[in-house]
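Peer 1: Below is a structure I'd like to ask you about.
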Amino acid sequence: MFNLLKIVKNTGDVTVKYPFAPLELMPAFRGKPEYDPKQCIACAACTMACPANALTMETDVKAGVRTWQLFVGRCIFCGRCEEVCPTHALTLSQMFELAVTNKVDLYERATFSLCNCRICNRPFAPRKEVEYVMALMVQAGIDANVVNTRRSLLETCPECRRRQNILDKNNIILNPQSIWRTDDDAE
Ligand code: SF4
Ligand code: SF4
């Protein structure tokens, strides 16, 4: 009996006082994904990586908008969204008390306007994503004026760009073998 009491005394408290006192969490604890719509460029990387389909994205071509949505009820707190987000718009917080009285409170949404193709006028990509690509080019060292001159190209949908490339005579190689000719061949 004396030994048992000694063990209990040496062990100390093995339970926590939560919910009567705040729960101490590990720094790497993965709680509710925190979303910053200002940082988000609606690239859809997180929605493709989310294994639980908690993140979804819908494009309304008629209205020219794309809606990003998080349904916390499906989230398994795996952290994949945080890993793939290129702009740190998603980070897993330490929030774990997520009970709500109304299911709609488990949803978070953000709407983004789409950029219309300069040629066919179809919306094809989020406006913020196009601006992000241009900012990246400047960050990579390309002159801002040069990047601006490429704006029309960046604001053209992939289909129209492909068609333009095919129709541009400079892109047509009449003698494909000529591109493989080296100086040695010419001698
Ligand atoms: S933490 Fe995992 S399950 Fe939750 S939203 Fe992110 S990717 Fe989806
Ligand atoms: S990956 Fe990041 S930037 Fe892209 S849609 Fe998701 S939250 Fe937005």
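Peer 1: For segment 12-64, what are the residues that are at positive phi and surrounded by 12 or more Cβ atoms within 10 Å (Cβ to Cβ)?
Peer 2: Ala42, Ala44, Gly64
Peer 1: Which ones in segment 111-129 are of a type in the set (A, V, I, L, M) and surrounded by 17 or more Cβ atoms within 10 Å (Cβ to Cβ)?
Peer 2: First pass over segment 111-129, keeping only residues of a type in the set (A, V, I, L, M): 114, 119, 125.
Those that are of a type in the set (A, V, I, L, M) and surrounded by 17 or more Cβ atoms within 10 Å (Cβ to Cβ): Leu114, Ala125.
Peer 1: Among the residues of segment 42-84, write down those that are more than 9 Å from ligand 2 (Cβ to nearest atom), assigned to a loop (DSSP other than H, G, I, E, B) and farther than 24 Å from Glu97 by Cα.
Peer 2: Val61, Lys62, Ala63, Gly64, listed by residue number.
Peer 1: Please go through (1) surrounded by 13 or more Cβ atoms within 10 Å (Cβ to Cβ); (2) within 29 Å of Glu159 (Cβ to Cβ); (3) under 13 Å from the mean Cα position of the chain (by Cα) for Cys81 and return the number of the only condition it doesn't satisfy.
Peer 2: (2)
Peer 1: Among the candidates Thr56, Thr11, which residue alone is among the β-branched types (Val, Ile, Thr) and within 14 Å of ligand 1 (Cβ to nearest atom)? Show your work before the answer.
Peer 2: Details: Thr11 fails: within 14 Å of ligand 1 (Cβ to nearest atom).
The conditions single out Thr56.
Peer 1: If the requirement is being out of contact with any Pro (no Cβ under 6 Å at 6 or more places or on another chain), acidic (Asp, Glu), part of a helix (DSSP H, G or I) and modelled with pLDDT of 95 or more, which of these qualifies: Glu131, Glu159?
Peer 2: Testing whether each residue is out of contact with any Pro (no Cβ under 6 Å at 6 or more places or on another chain), acidic (Asp, Glu), part of a helix (DSSP H, G or I) and modelled with pLDDT of 95 or more leaves just Glu131.
Peer 1: A follow-up question, please. Answer with yes or no whether Thr101 is within 25 Å of Lys32 (Cβ to Cβ), under 14 Å from the mean Cα position of the chain (by Cα) and either more than 16 Å from ligand 1 (Cβ to nearest atom) or of a type in the set (S, T, N, Q) (or both).
Peer 2: Spelling it out, it is not the case that Thr101 is within 25 Å of Lys32 (Cβ to Cβ), under 14 Å from the mean Cα position of the chain (by Cα) and either more than 16 Å from ligand 1 (Cβ to nearest atom) or of a type in the set (S, T, N, Q) (or both).
The values are calculated or read from the model by the stated rules, or taken from the named source; none is laboratory data. What you are looking at is a predicted structure, and each value in this text was computed from that prediction instead of being measured. Glycine gets a Cβ as well: all are built from the backbone with ideal geometry, and neighbour counts include every protein chain shown.
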